[in-house]
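The values are calculated or read from the model by the stated rules, or taken from the named source; none is laboratory data. Note that the coordinates shown come from a computational prediction; the quantities given were computed from them, not determined experimentally. Note that we place each Cβ from the backbone using ideal geometry, even for glycine, and neighbour counts take in every protein chain shown.
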Amino acid sequence: MKIGILTATITESDHFPNIIALKTIGEQKGHCVDVFKNGEFTLLVAKGYTKVCYAGKEINTGDYDIILNRLSVREKSNAEYYIINEFSKAGVPVINSPESIMKARNKLYSLQLMSSMGINISRSAVIRRPEDVSVILKDFTYPMVIKNIFGSLGSSSLIVYDTKQLVSTIDYIWNINRNEIFLIQDFIRSSDGKTTDYRVFVMGGEIIASMKRTNSDNDFRANYKRGAKVEPALLTETESEQCLKVSEVFGLEIAGVDFIRTECGPVFLEINSNPGLEGIRSATRTGSFDILEKIIDKLGEYKK
Ligand SMILES: Nc1ncnc2c1ncn2[C@@H]1O[C@H](COP(=O)(O)OP(=O)(O)O)[C@@H](O)[C@H]1O
Ligand SMILES: [Mg+2]
């Protein structure tokens, strides 16, 4: 197969080591694997005609059997997807699709979608006026989590322990952007009393790896990039079913589903369309299993 992997939007940045490893493993398995940086594409578009060049050389998008889309979309818009559109137009399957990514990107929209599916989610509130803090105080107890609806890697999630912190944090956010829409949530403790959460890696309707993440002493967030300890995890039937259901409804072929295991079952935090590979690879790697090999094998199942 001819596999294309689309990565980082910034031309100058190096490829992540796991993307290079993915290419190497793919080639060892007999595939042709090209890794593209989105920032090195040139597009010419005119009536009934487009020309795509990569690093200055024209390429035929239709040559590829599958595109693995690992773009980290920083913009809130879909402007970065102009090359993906060219692959799609040529009939090449792109996973994940831009439509599914845009759904998962907005944490508020994701929670609304999961709520309508009857999934247990981190209860969240949105307020737009300072006086509505009193509404929150009626329903929520401390600590509370405040998060940006477009954050990732834990970088935009805060914890507040009292009303002074809550009010000043909201004031700070609105001082930077008065129109900012953010989430206020209950701080959910897991059934073991710690602040662990679970990351489930779904690909092609199958759970291919799961890990438990335990936050470091310095941080309430259990993101791998925030120093969380990771270990392989076994899921309950309900957890597995719900992770698969959520991924399917979002239309994501690849998804990283995050939930906290509580006494009342899983509470879902979010779904990631571009789940990190490093943490889950190290947590679940054994002599006979490597998630990167599994990803390459699953890519081989997609036919044009
Ligand atoms: N409501 C919450 N209760 C407890 N922990 C939370 C809550 N929301 C987030 N966290 C912790 O913070 C981490 C980052 O939050 P998340 O919503 O997943 O944002 P990001 O997209 O930045 O990963 C989670 O993995 C979890 O460990
Ligand atoms: Mg997360």
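Per-structure values
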quantity	calculated
Complete set of residues in the range 249-288 that are touching a residue at least 24 places away in the same chain (Cβ under 8 Å), surrounded by fewer than 18 Cβ atoms within 10 Å (Cβ to Cβ) and out of contact with any helix residue (DSSP H, G or I) (no Cβ under 8 Å at 6 or more places or on another chain)	Thr262, Glu263, Cys264, Ser282
Test result for Asn78, assigned by TED's automatic domain parsing to the domain that holds Leu43, closer than 30 Å to Ala228 by Cα, away from ligand 1 (no atom under 12 Å from the Cβ) and in contact with a helix residue (DSSP H, G or I) (Cβ under 8 Å, 6 or more places away or on another chain)	no
Residue under evaluation Thr196, criteria (1) in contact (Cβ under 8 Å) with a residue 40 or more places away in the chain; (2) closer than 25 Å to Ser97 by Cα, criterion not met	(2)
Test: residue in the range 94-106 that is over 26 Å from Arg261 (Cβ atoms), outside any helix (DSSP H, G or I), away from ligand 1 (no atom under 15 Å from the Cβ) and at pLDDT 95 or above	yes
Hits in the range 209-229 - residues which are assigned to a strand (DSSP E or B) and closer than 18 Å to Glu270 by Cα	Ala209, Ser210, Met211, Lys212, Arg213, Thr214
Unmet requirement for Tyr161, which otherwise passes all of (1) of a type in the set (Phe, Trp, Tyr); (2) in the same structural domain as Val257 (by TED's automatic domain parsing); (3) exposed (fewer than 12 other Cβ atoms within 10 Å of the Cβ)	(2)
Check on Val133, surrounded by 14 or more Cβ atoms within 10 Å (Cβ to Cβ) and free of Cβ contacts under 8 Å to residues at least 24 places away in the same chain	no
Residue within the range 105-127 that is away from ligand 2 (no atom under 16 Å from the Cβ), of a type in the set (Ser, Thr, Tyr), free of Cβ contacts under 8 Å to residues at least 12 places away in the same chain and surrounded by 13 or more Cβ atoms within 10 Å (Cβ to Cβ) present	yes
Hey, Phe220 surrounded by fewer than 20 Cβ atoms within 10 Å (Cβ to Cβ), within 30 Å of Tyr142 (Cβ to Cβ), over 15 Å from the mean Cα position of the chain (by Cα) and more than 13 Å from ligand 2 (Cβ to nearest atom) or not	no
Verdict on Leu252 being in a loop (DSSP other than H, G, I, E, B) and under 30 Å from Arg189 (Cβ atoms)	yes
